[in-house]
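Step one of this worksheet: look at the structure below.
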Amino acid sequence: MLTTVPISQYCLISGESIKAVERRIERGYWVKGSHYFTPANVRERWVDLVAISDWARNSGSNS
């Protein structure tokens, strides 16, 4: 099972827009080295699905 994927693939899986993901990164909700990273010699950033899942479960209210 993959635990890291390019942002474009994450957006296909999740249904979120690339713009929404970029906003999270810009605002500091997703941290470089934890939630996302840029592999050497690759243009597109990749995301860590495990870290993002943890972030989604623990950010905000879970009523």
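The values are calculated or read from the model by the stated rules, or taken from the named source; none is laboratory data. Keep in mind that what you see is a predicted model, and the values were worked out from it rather than measured. We place every Cβ from the backbone using ideal geometry, glycine too, and count neighbours over all the protein chains shown. Please note that ligands, DNA and RNA were not included when accessible areas were found on the heavy atoms of the full protein model with its side chains. Shrake-Rupley method; radii C 1.70, N 1.55, O 1.52, S 1.80 Å.
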Check: Yes or no: residue 13 in a helix (DSSP H, G or I) and in contact with a strand residue (DSSP E or B) (Cβ under 7 Å, 6 or more places away or on another chain)?
Finding: no
Next item on the list: Looking only at segment 20-28, decide whether some residue is open to solvent by 50 Å² or more (accessible area, probe 1.4 Å) and either polar (S, T, N, Q) or part of a loop (DSSP other than H, G, I, E, B) (or both).
Entry: no
Check: Restricting the search to segment 29-63, which residues are open to solvent by 80 Å² or more (accessible area, probe 1.4 Å) and touching a residue at least 24 places away in the same chain (Cβ under 8 Å)?
Finding: 29
Note to self: Which numbered condition in (1) in a helix (DSSP H, G or I); (2) over 15 Å from residue 55 (Cα atoms); (3) open to solvent by less than 50 Å² (accessible area, probe 1.4 Å) is the only one that residue 5 fails?
What the structure shows: (1)
